[in-house]
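A.B. asks: Mind having a look at this structure? Questions to follow.
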Amino acid sequence: MSQTLSRRQQGWLMTAGGALIISPDALLIKLIALPDLDILLWRGLLTALGFSLIVYARHRAGFFDAYRRCGMTGIGVAVLFSFSTFGFVLGNQYTKGGNVLIILASAPLIGAALSRVFLKEHLPRRTWVAIFLCLLGTSLIVLDDAGAGSWIGNGFALLAATALAANFTLCRTRPGVDMSPMLTLAGLIVAWVAFVTSGFGASLTMPSPESRVWLMVLCLALLPLGFTLIQRGPLYLPAAEVGLLMLMEVVVGTLWVWWILAERPSALAFMGGAIVLGTLLVKGLMERRLERSRITALKSSQETLKQGRAIC
């Protein structure tokens with residue numbers, strides 16, 4: 001990252017970039033067309049391999065040190081990330097997809113509450129407004145696919161949202177420590193649970209050649225790269241803001257499905273997407289303006305102090 005970018009700007013770029021990279025997730029899962037346990041097993045194994053390759057590329061000789069630095073907190077991060085994966089996949093199995101996305105959109109609210117209780121972090125009013133506007137926009141995007149659904153599926157979706165928010169909040173307890181290497185362990189946990197649940201592989205099937213290609217693209221490249229960037233977000237931003245930026249995946253993911261599978265979103269979905277993207281854009285511009293004002297004020301005070309010392 002360029003030294004001309006502030007920490008907040010770096011956090012925004014990494015998290016938003018990660019959300020864009022993983023945005024084809026829902027589309028590629030549809031193209032892969034495998035049972036849930038098969039998806040979980042391959043997703044876990046391949047993402048674990050992808051995450052470990054990224055850790056090696058970044059740290060080389062310090063490969064194992066990158067994991068050791070995470071400590072017990074890193075194990076907690078891995079477990080929470082695996083819970084969010086299970087919640088997302090199983091939530092889509094037992095309830096409507098729209099319900100899952102609406103409940104996942106509550107992750108920034110949950111993150112804000114957890115950060116307030118455990119970290120004593122206060123969010124400015126503009127962030128709360130942005131959270132509620134994005135929640136509204138996400139609801140409009142998936143309104144056609146929402147309904148009563150199943151309380152079990154809704155519960156899994158809530159588990160995913162809570163685990164995601166708790167993961168980012170837990171990362172904030174270790175300032176300056178990059179927890180993204182521990183996503184390797186999260187992938188292995190997901191794969192192991194899927195393997196055991198399937199009767200130690202008895203009910204698993206081999207994917208078709210076409211599905212293998214999409215699995216490699218999604219689980220070996222897009223998800224490891226995207227989630228590595230997102231997992232680094234809490235180094236620079238509050239947990240609620242990381243969750244807020246992840247809502248970009250819902251908007252762009254809907255556009256991917258429309259473009260590739262010709263599943264045209266409704267007018268309300270377009271309106272919802274505009275609300276989410278517009279809110280994030282306005283908030284980003286406001287944060288940049290406020291940051292520039294703070295820098296200008298700081299430089300002005302430092303200059304005044306220097307002049308005062310010179311007079312003395």
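The values are calculated or read from the model by the stated rules, or taken from the named source; none is laboratory data. This is a predicted model, so every value here is computed, not measured. Virtual Cβ from ideal backbone geometry, glycine too; neighbours counted across all protein chains shown. Heads up: the accessible areas ignore ligands, DNA and RNA and are worked out on the full protein's heavy atoms, side chains in. Shrake-Rupley method; radii C 1.70, N 1.55, O 1.52, S 1.80 Å.
A.B. asks: So, in the range 255-270, of the ones that are surrounded by 16 or more Cβ atoms within 10 Å (Cβ to Cβ) and modelled with pLDDT under 80, which residue ends up farthest from L13 (Cα to Cα)?
C.D. replies: It comes out as P265.
A.B. asks: Now a separate question. Sort through L135, L114 and tell me the only one that's within 17 Å of the chain's Cα centre (by Cα) and at pLDDT below 90.
C.D. replies: L135
A.B. asks: Which residue is least open to solvent (accessible area, probe 1.4 Å), if the candidates are limited to the range 116-128 and must be touching a residue at least 12 places away in the same chain (Cβ under 8 Å) and in a helix (DSSP H, G or I)?
C.D. replies: So, considering only residues that are touching a residue at least 12 places away in the same chain (Cβ under 8 Å) and in a helix (DSSP H, G or I), the one least open to solvent (accessible area, probe 1.4 Å) is T127.
A.B. asks: Is it true that some residue in the range 200-212 is surrounded by 17 or more Cβ atoms within 10 Å (Cβ to Cβ), touching a Leu at 6+ places or on another chain (Cβ under 7 Å), touching a residue at least 12 places away in the same chain (Cβ under 8 Å) and within 25 Å of M248 (Cβ to Cβ)?
C.D. replies: Filtering the range 200-212 down to residues surrounded by 17 or more Cβ atoms within 10 Å (Cβ to Cβ) leaves 204, 207, 211.
With the extra rule that they be touching a Leu at 6+ places or on another chain (Cβ under 7 Å), the set shrinks to 204, 207, 211.
Filter once more, so that each one left must be touching a residue at least 12 places away in the same chain (Cβ under 8 Å): 204, 207, 211.
Subsequent filtering for residues that are within 25 Å of M248 (Cβ to Cβ) retains none.
So far as the range 200-212 goes, no, none of its residues is surrounded by 17 or more Cβ atoms within 10 Å (Cβ to Cβ), touching a Leu at 6+ places or on another chain (Cβ under 7 Å), touching a residue at least 12 places away in the same chain (Cβ under 8 Å) and within 25 Å of M248 (Cβ to Cβ).
A.B. asks: Take residues that are open to solvent by 30 Å² or more (accessible area, probe 1.4 Å) and over 22 Å from L135 (Cα atoms) and tell me which of the helices (runs of 4 or more DSSP H) falling wholly in the range 29-115 contain 1 or more.
C.D. replies: Passing ranges, in order: 36-59, 63-68, 71-94.
A.B. asks: Mind listing whichever residues of the range 14-28 are under 13 Å from the mean Cα position of the chain (by Cα) and in a helix (DSSP H, G or I)?
C.D. replies: M14, T15, A16, G17, G18, A19, L20, I21, D25
A.B. asks: Regarding A19, is this residue among the small types (G, A, S) and open to solvent by 50 Å² or more (accessible area, probe 1.4 Å)? Please lay out each step first, then the result.
C.D. replies: Values: among the small types (G, A, S): yes; open to solvent by 50 Å² or more (accessible area, probe 1.4 Å): no.
When the stated conditions are applied, A19 does not pass them.
A.B. asks: Something else now. When only residues in the range 80-104 that are aromatic (F, W, Y) and either more than 12 Å from G153 (Cβ to Cβ) or in contact with a His (Cβ under 9 Å, 6 or more places away or on another chain) (or both) count, which is modelled with the lowest pLDDT?
C.D. replies: Result: F86.
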